[in-house]
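So the structure is just underneath, and the comments pick up after that.
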Amino acid sequence: MTHHAVDQQFPAPSEIALLPEPQVRPDLTREARRGIPEVIFAEGKTTAQVLTAARQFLANTGCALISRSSPELMDAIIAELPGVQALRYTLANALRLTQPDHRIRSTGGHLGIITAGTSDIRAADEARFIAEAMGCLVDCIFDVGVAGVHRLFDPLRDLVAANVDAIVVAAGMDGALPSLVAGLVPVPVIGLPTATGYGMGGQGQAALLAMLQSCAPGLVVVNIDNGIGAGAFGALIANRIAESRHSTLSSVASQDVSQGDVAH
């Protein structure tokens, strides 16, 4: 057997705490490592599996995020965790659990979320769910698709005036809205295709392909209904920009103080 050198940036095996339940091994350090917390994808998991992962996150990070959950599963999880604070995102079928003393730190990042139709809100709210867990301020605009494009312009103007750092645009059907928005705004746009539509291509394929073929630069695209991916990517951009903004302001303030000392 050939042995390879271990990259020292990763924790040594003795530092990795394995769970007593071998079916569930959550990535407890992902947020510290990547800036994006792991989300427990509840679909396809048993209540016991979701609960095991949630307890591990609560014990180690103070917060557990659960997506694609049924209302019944949310009720069962909350009932098993008395004293834990629960915030339901009912439109997204998502749940945020926190210890009583845990606070989500505001980063200063600002994310905009737009939907083409009301049917796209579920995926968009999933994006809001993860972005808020990452400390972003989130502003949403719903039901402003290209079939009535006049509805878009005033809210979009307000969103840009509010200095959002990035915008997630969710659309099904023909998936045209992200390209339109990307052609109008000076910030990165994340296209979120949704499984909304009729017949051939109506499960998000047409929207996905339309976004991938966009001629508007500055638009990236996630997979169909991947609200978590869209929100995490947008929040990561927003948080990095906020960090840079904060550093710039701190530098300017330091310079002003130094100049004041010289003047005296």
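Some points to look at:
- Extension reserve of the GLN23-ARG245 stretch, reckoned as 0.36 nm per residue once the Cα distance is removed: 75.7 nm
- 3J(HN,Hα) couplings calculated from phi for region 37-45 with the Karplus curve 6.51 cos²θ - 1.76 cosθ + 1.60 (θ = phi - 60°) are, in sequence order, x, 6, 10, 6, 7, 6, 4, x, 9 Hz; Gly and Pro show x.
- For region 69-74, backbone phi angles converted through the Karplus equation (6.51, -1.76, 1.60; θ = phi - 60°) give residue-by-residue couplings of 9, 7, x, 5, 5, 4 Hz, Gly and Pro being listed as x.
- Spin-label pair VAL149-TYR198: with each label point 7 Å from Cα along the Cα-Cβ axis, the two points sit 2.1 nm from one another.
- Classified by the C-alpha gyration tensor, region 110-240 has a prolate form. Its axis ratio a/c, with a ≥ b ≥ c, is 1.5 or above, and a/b is larger than b/c.
- Assigned charges on the beta-carbon of Lys, Arg, Asp, Glu; the chain dipole about Cα centre (debye): 140
- Theoretical FRET efficiency, 1/(1+(r/R0)^6), r = Cβ-Cβ of ARG88 and CYS215, R0 41 Å, to 0.05: 0.55
- Ranked by the mean number of other Cβ atoms within 10 Å per residue, highest first, peptides 92-99, 228-235, 156-163 order as 228-235, 92-99, 156-163.
- For region 110-240, a crude dipole built from +1 on the beta carbon of Lys and Arg and -1 on the beta carbon of Asp and Glu, taken about the Cα centre, is about 180 debye to the nearest 20.
- Calculated [θ] (222 nm, deg cm²/dmol) that DSSP helices of n ≥ 4 give over the chain, each run adding -39,500 (n - 2.57): -12000 deg cm²/dmol
- Descending by average beta-carbon neighbour count within 10 Å, the peptides 202-211, 43-52 line up as 202-211, 43-52, the highest first.
- Relative contact order (%) - region 110-240, alpha-carbon pairs under 8 angstrom, separation at least six: 30
- Using 0.36 nm per residue and subtracting the Cα-Cα separation, the extra length available between ASN60 and ALA79 on full extension is 4.8 nm.
- By average C-beta atoms within 10 angstrom, highest first, the peptides 168-178, 131-141: 168-178, 131-141
- Built amide H within the under 5 Å cut-off of ALA170, gap 5+: ILE114, THR115, ALA116, LEU192
- Stretch gain in nm, segment THR46-ALA162, where the contour uses 0.36 nm per residue and the Cα spacing is subtracted: 37.5 nm
The numbers here are math on the coordinates, done by the rules we state, and not lab data. Predicted, not measured: the structure shown is a model, and the values here were computed from it. Positions of Cβ are generated from backbone atoms using ideal geometry, with glycine treated the same way; all protein chains shown enter the neighbour counts.
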